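Throughout, read-outs are computed from the coordinates displayed, never taken from laboratory work. Being a predicted model, the structure only gives us computed values, none of them experimental. No Cβ is skipped: glycine too gets one built from the backbone with ideal geometry, and neighbour counts run over all protein chains shown.
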Amino acid sequence: MTSPARVPLAAMEPQRRKLLRGLAGLTSLGLLGACSGLVPGQSPPPTLFRLTPKSTFREDLPAVDWQLVLDTPVADAALNTTRIALMSSPMQVEYYARSSWTDRAPLMIQTLMIESFENSDRIVSVGREGAGLRADFILKSELRELQAEYYEGDKPVAHVMINAKLVAMPSRNIVASRTFERKIEAEADRLNDVVTAFDEALGKVLKSLVEWTISSGVVSYRR
């Protein structure tokens, strides 16, 4: 009987090394998946950012005994999102990768407006639309700008603009209207610095908006 042919060990060695390298690769991938907790094909979760309400106002701001309701700000589709917008030209809207606001921008702004009014300690009651409050005034607003702009200089500029209309109830007459706008240059082209610039710009807008609303309501409420 003819014995089976034997493959020389020298010929088997390259195949053995190739097999071991493949097994090592599979093992390392398995360990990487276990350590990271990521499902293959799934991206890391985004980093979430939030802005802060305004808490300081001019000392002579009058106290009022009327009630205010805030509608959710209107915004176009580019800003009505949780994504943080940027513009490298006046005609193009993009977004920062793997980062978001904690809520859709209009809802986040509405919450910050309410907190800012409450922080003023000058108004009896303030709430959001749909809360069932009896309103003496309704504040309607439009979020027109909330993006970092990269086309005005070497560093990104946080641009915030809100148009507000104060509506008397129950007549629904517009008693005052104004646009508030601020631009703050970030210290560096880093997202943390851009968000800090957003917070400063929005803070200035909120301060002016709260003071204007209360002062305008005082004039109208006395008529």
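Apply the Karplus parameterisation 6.51 cos²θ - 1.76 cosθ + 1.60, with θ equal to phi minus 60°, to every residue of segment 205-218 and state each ³J(HN,Hα) to the nearest whole Hz, in sequence, with x for glycine and proline.
For segment 205-218, the Karplus curve yields 5, 5, 4, 5, 5, 5, 5, 5, 4, 5, 5, 5, x, 4 Hz.
I need the peptides 187-194, 56-63, 160-167 ranked by packing, meaning the mean over residues of other C-beta atoms within 10 angstrom, with the highest value on top.
Top of the packing list down: 160-167, 187-194, 56-63.
Between segment 148-223 and segment 101-137, how far is it from one alpha carbon centroid to the other, in angstrom?
Between the Cα centres of segment 148-223 and segment 101-137 lies a distance of 15 Å.
Please list the non-local residues whose amide H lies under 5 Å from the amide H of Val74, H modeled 1.01 Å from N, same-chain partners needing a gap of 5 or more.
Ser141, Glu142, Leu143
Label point 7 Å out from Leu61 along Cα-to-Cβ: which residues of segment 97-120 have amide N under 13 Å?
Once the point is set 7 Å along Cα→Cβ of Leu61, 113-120 turn out to lie under 13 Å by backbone N, inside segment 97-120.
Over segment 49-180, calculate the relative contact order: mean separation of alpha carbon pairs under 8 Å at least 6 apart, over the residue count, as a percent.
The value is 29 percent.
Report ³J(HN,Hα) in whole Hz for each residue of segment 73-88, in order, from the Karplus equation J = 6.51 cos²θ - 1.76 cosθ + 1.60 where θ = phi - 60°; Gly and Pro get x.
Along segment 73-88, the couplings run x, 7, 8, 6, 4, 5, 9, 7, 7, 7, 6, 8, 7, 9, 9, 8 Hz.
Projected onto the charge dipole of segment 64-221 (+1 at Lys/Arg Cβ, -1 at Asp/Glu Cβ, origin at the Cα centre), which of Ser215, Val205, Ala158 gives the Cα projection farthest towards the positive end?
Final value for the positive-end residue is Ser215.
Each residue of segment 179-189 in order: what ³J(HN,Hα) in whole Hz does its phi give by Karplus 6.51 cos²θ - 1.76 cosθ + 1.60, θ = phi - 60°, with x for Gly and Pro?
10, 10, 9, 9, 10, 10, 7, 6, 5, 7, 7
Quick one: order Tyr151, Tyr96 by neighbouring beta-carbon count within 10 Å, fewest to most.
By the 10 Å Cβ count, ascending, the order reads Tyr151, Tyr96.
Put a dot 7 Å past each Cα toward the Cβ at Ala77 and Ser43; how far apart are the dots in nm?
A separation of 1.9 nm, rounded to one decimal place.
Output needed for segment 64-221: three equivalent-ellipsoid semi-axes, defined as square roots of 5 times the C-alpha gyration tensor eigenvalues, in descending order, whole Å.
So the three semi-axes of segment 64-221 are 31, 15, 14 Å.
How many nm separate the modelled label positions at Arg50 and Asn192, each set 7 Å beyond the Cα in the direction of the Cβ?
For the pair Arg50/Asn192, the computed spacing is 1.9 nm.
Quick check on the exposure proxy: order Lys183, Lys54, Lys140 from fewest to most C-beta atoms within 10 angstrom.
Lowest count first: Lys183, Lys140, Lys54.
Under 5 Å between amide hydrogens, which residues at least 5 positions from Tyr96 or on another chain qualify, with H placed 1.01 Å from N in the peptide plane?
Residues meeting the amide H criterion: Ile84, Leu86.
Evaluate the distance, in nm, between pseudo-label points positioned 7 Å from the Cα of Trp212 and of Arg98 along their respective Cα→Cβ axes.
Label-label distance for Trp212 and Arg98, simple model: 3.9 nm.
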